Amino acid sequence: MLKVGLTGSIAVGKTHVCSVLAANGCRVLDADRVARDVVEPGEEGLRRIVEHFGEEVLDPKGGLDRAKLGSIVFRDPAKRQLLNSLLHPLVIDAQDKWLRKAEKADPNGIAVVDAALMIESGGYKRFDKLIVVWCEPEIQLRRLMDRNGLTEEEARARIGSQMSQEEKKSYSDYLIDTSGSYENTKQRTLEVLSCLRAEIGN
């Protein structure tokens, strides 16, 4: 099985790329979903967060108040780094379990793990190939403001808290530019998929 990492900065269109890959026979895991699973009530990730950030990051039902935690970590690089160090091992462990299951189910297939912080965490090294999804900065900014209802200042702060797109691109085996239309992005994604299939002789 070919193990493919897929990453890119916030609001660059990773979800659309993943939907194209999934619709064309790849097994795709959204690491954001895994990250949400490990901080559900009763899970180890939530216990770690409460231990280090206090119960004020919980909502009235005892679940994680993401907005409250986000407002803390996006303003403070040290706290963001702490949060990542608490959760990344749990997320990577869950990804690896999923990859083992995928390989057992489809030894000749392609498994794609989509994770925004794959390069920062070093997790990308576990994959055979790395796809970096990107778009023009002004498009990224507008998408993030529209999607999350943020002011320009808030959106720039979130983008600025991440590794730059240019740096991420330097790690890639394949680049997918989503600056154009959905159809353009789909065509480029299918080109990359064709190259991946060639890697495994499919």
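Listing for the model above:
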read-out: For region 2-197: relative contact order, % (alpha-carbon pairs under 8 angstrom, 6 or more apart); value: 38 percent
read-out: Interchain or long-range residues, amide H under 5 Å from THR178's placed H; value: TRP134, CYS135
read-out: Computed FRET value (nearest 0.05) for THR15 with GLU55, which takes r as the C-beta separation and R₀ as 45 Å; value: 0.90
read-out: Cα radius of gyration and Dmax for region 106-202 (Å); value: 15.2, 47
read-out: The chain: most fluctuating residue of PRO60, PRO107, PRO137 per GNM, C-alpha cutoff 10 Å; value: PRO60
read-out: Hydrodynamic radius by Kirkwood, which averages 1/r over all alpha carbon pairs of the chain, in angstrom; value: 17.9 Å
read-out: Cut-off 19 Å (backbone N to label point 7 Å along Cα→Cβ of ARG33), residues of region 49-92; value: 90-92
read-out: Beta bridge orientation in region 2-197: antiparallel %, DSSP, nearest 5; value: 5 percent
read-out: Region 28-76: C-alpha gyration tensor shape, a/c 1.5 cut-off, then a/b vs b/c; value: oblate
read-out: Virtual paramagnetic centre 7 Å along Cα→Cβ of GLU166, amide N under 16 Å, in region 112-133; value: none
read-out: Simple label model, 7 Å out from Cα along Cβ direction - GLU153 to ASP93, nm; value: 4.1 nm
read-out: Acute angle (nearest 10 degrees) that the helix 77-105 long axis makes with the longest principal axis of the chain, alpha-carbon atoms; value: 40 degrees
read-out: For region 118-181 versus region 21-100, the gap between their alpha-carbon centres in whole angstrom; value: 19 Å
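Since every read-out is calculated from the coordinates, none of them should be taken as a lab result. These numbers come from a predicted model, not from an experiment. Glycine gets a Cβ as well: all are built from the backbone with ideal geometry, and neighbour counts include every protein chain shown.
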